[in-house]
Structure formats: structure tokens, C-alpha cells
1. For the chain, modelled as a Gaussian network with Cα springs under 10 Å, which listed residue fluctuates most, G269, G161, G338?
2. Springs between alpha-carbon atoms under 10 Å, Gaussian network over the chain: tell me which of T234, T177, T267 tops the mean-square fluctuations.
3. Would you look at the GNM of the chain, springs on alpha carbons closer than 10 Å, and say which of I369, I100, I86 moves the most?
4. Hey, can you list the DSSP H helices of the chain whose Cα span along the axis is 24 Å or longer and whose average Kyte-Doolittle score is at least 1.0?
5. Got the relative contact order for the chain handy, in percent, Cα pairs under 8 Å and 6 or more residues apart?
6. Taking the Cα centre of the chain as the origin and placing charges on Cβ (Lys, Arg +1; Asp, Glu -1), which of V308, L386, Y43 is farthest toward the positive end of the dipole?
7. List the trypsin sites (Lys or Arg not before Pro) in segment 294-353 that DSSP assigns to loop (not H, G, I, E or B) and whose Cβ has at most 13 other Cβ atoms within 10 Å. Which are they?
8. Quick one: net charge of I133's neighbours, Cβ under 13 Å, K/R +1, D/E -1?
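No lab work stands behind these numbers, since they all come straight from the coordinates. Bear in mind the structure is a predicted one, so any value in this text is a computation, not a measurement. Note: ideal-geometry Cβ built from the backbone for every residue, glycine included; neighbour counts use all protein chains shown.
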Amino acid sequence: MKIFQRKTMLLGAQHVLAMYAGAIIVPLIVGGALKLSATQLGYIIAADLLTCGLATILQAYRTPFFGIGLPVVLGCTFTAVFPMIIIGGQYGLPAVYGAIISSGLFVVLIANYFSKLIKFFPPVVTGSVVTIIGITLVPVAINNMAGGQGSPDFGSLSNFGLGLGVLLFIILLNRFTTGFIRSISVLIGLIAGTIVATLMGLVSLDNVAQASWFNMPAPFYFGMPVFEPSAILTMIIVAIVSMIESTGVFMVLGEICDRKLTEKDLTKGYRAEGLAVILGGVFNSFPYTTFSQNIGLVLLSKSKTTNVTITAGCMLILLGLIPKFAALAMIIPTAVLGGAMIAMFGIVVASGIKMLSKVDLSTNENLLIIACSVALGLGVSVVPNLFAKFPPLLKIFFENGIVTGTMTAVILNIILNMTVKTKAAPEKAISR
């Protein structure tokens, strides 16, 4: 089978390593805030990796009912972190998972209606969204290159040296190699950076030695779900935010893969995401969404086949079942990841600019759409306390730069382009 070919497995491993830090940071934050024991924390990390893998495979296959069939990787959404902590602290973990299951069912049920949003994503909006995705992720890469926020050696010369060294190594691989070596340049950079960090004494294998060899996540580990109306409403709002973000990612990947997405494609994509969220609730892990971080890898590697992401999904399942392998993947220093992320996220920005170059930029309407959506998307990301005094439910919508920028682009396109087009004379109609 193609998913077991050596090249495909290496490309899949590259996707896993690119999203791994983002996948495990959510259980670490939520577990710590809810004061879970070491055993319970180990369980939710394993369950999270397992369901990340299952969710990715669900989305990669195109069936009559679900699966968008694009090279996407799914992971737990950061939007859900604060709501899960609040619900867990007030009602307990069974209420958290009851709310997650309910929100997943909600996504499945409204998928057909939500897919009609496709008409609101012309090139000016899609190009803006791609640019927003890239620039809102860049600060994450820079923070990681410095050692990760909160780390005692944040900003040290050793961290910057590792991060910049990995970035330079990836650039050189792309300059002086071709074919398959170039396509796995990020993976090679991560391995090389980790080896150098080990020689510098910055890598510890203690967690690998202590990790167990096998763990089987079980349904309803924390007890049968409890369905609290207010908790369910909160998680439904989280699900809607995730769907908005995923819409942008789907449209971007459709453009990258030269595939024009239809309403039916989006419906199946949302359904797969809804099923993934339900799985997260059943296995007591997290709600899942399409990871925008992995877009850069698709662009860098030029590998647009779903065989690669299906392989990544299988690897994530394996990591969830074998904690020792999961611990091995955690030894990559944060600074090394940051160096690779700069290349990946930067190329997403460049791709967005390339898409916008095909838009008619001679009209003030299109310029305003791009300017306002990109500025607000970036502004929300670099000033995270901007909406600190907003009610919690509104904060969920506005504190995510990608969602804020996407909503701005869609709304401005409706106001400036779609409503004007019906009134303008043919020769004055705005070209998109």
C-alpha cells in the first residue's frame, strides 16, 4: 500500500512533528488547570494523540457522507481551552465531555447549511485568509525559536542559535537539493537540530525511559457524560468558531491542490470534523479542528496527496497507543521547532500574497478588504488582551486572529463587492 512506502512515511512523520507540540500543549494546559493527576494527564495526552489520528483519517477519505479528501491534519482546537477549564471547574469533567459530544452532533447536523458559505469566499477573501493564517502563526514560531514562552532560558543565545541554524539548514536543503530530499527538508532540519541540541546537553531522555510501552485509551474514562445546557451552548459556540477557521483552511488547500471545492465537499468536511469532535468526547480528549500549521508543509514539500496525511494519522494513533514513542517525539527542543516553523509559516504568508496578486488591486474595495482583514487578524494576534473585558462568549469569537480576520474579510466583501455588484453598471462592476 502507498501509505506504507518509505517516502510516504517520512513525509507523514514530517506532518506529525510539525503539529506535535500544538497537539500536546492543550492537554497539558487543561490538565494542569483542572489539577489532574499524573496518571490522568498521561491518559488524556494518549487519548488526544489517538483521536487526532482517527480524526485526520476521517477527514482524508472521501466517502458519500463525510471526508473532504484534502491533505489536512486535525488537532485539538486552542479555542476550547478556556471554555473547557471553566466548565470543568464548575460542573466537572463529565459535563465537559457531554458538551463536546453535543457540539460535535450539532456540527454534523448543520454541516449542509454551513457549506453554503462557499459563495462568500472569492479570491480576494481566500487570499486574505491565507495571508492572515500565515502572519498570525509567525509570532508562535518566533516565541518557540526563543525557547517558548515561560521557559527559564527564553531568548538565550543557544535557543536563537539552534532556531536560526535549523532555519538556515532548511533553506540550504531547498537551495542545493532536489526531489525527495527537498520535500522532507523540514524533517531533516528537525532531526539535525535535535542532534546538535543533544551534543549541547539540551536534550534529556528521562521521560522516554519512564514512559510505558502500551496504553489503550478507553471510552468515558472520566465517567458517563453529563449534559449541562450552559456548557453545551458554550461548546457549540466554540464549534462554530472552529468551522469558520476550517472553512478558510479548506479553501486554501483547495487552491493549493488545484481543486475547486463545492458545497458538497464542504459539507463532508464539516461532517468529518463533527464526527471527530464526537470521538473526542467519547474518548475524553478534546474537540478537533483542521490545523492551519500544516499548510506550510504542503507548500514546502509539494506533496498534495492524502496518502501522506493518512500516514500521519496512523502514526498519531501509534503514538497514542505507545507512550514511549510519544515521549520520544517530545525530545525535540522548542527552539528547533521554532526554526522550522518560521520557514513553514513564512511560506504560507508568501502563498497568500501570491493568491492576492491575481486579484484586481486597482479597486479601493478590494484594497480595503485586504487591508482591514489582515490588519485586524494580525492586531488580535499580537495584542491578545484586546478583548479582555468582553463577555466570555464574545471573547471566544474575537480572540482568535484567524477567525477575526476571516469574518472581517467576508463581511467587507459582502458590503463592498457583493451588494455593489448588483447595483453597478456592467462596465463598472468590480472584477474579482
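1. G161
2. Answer for the Gaussian network model of the chain: T177.
3. I86
4. Working: long enough: 6-33 (40 Å, 1.21); 38-60 (33 Å, 1.27); 93-114 (31 Å, 1.75); 123-145 (33 Å, 1.60); 157-176 (27 Å, 1.73); 229-256 (40 Å, 1.80); 263-282 (28 Å, 0.08); 334-356 (32 Å, 1.84); 364-382 (26 Å, 1.58).
Span-like helices in the chain: 6-33, 38-60, 93-114, 123-145, 157-176, 229-256, 334-356, 364-382.
5. Details: 766 pairs, mean separation 146.0, N = 432.
Computed over the chain, the figure is 34 percent.
6. V308
7. Working: sites: K302, K304, K324; in loops: K302, K304.
Sparse-neighbourhood loop trypsin sites (Lys or Arg not before Pro): K302.
8. Numbers: positive: none; negative: E245, E255.
My count for the surroundings of I133 gives -2.
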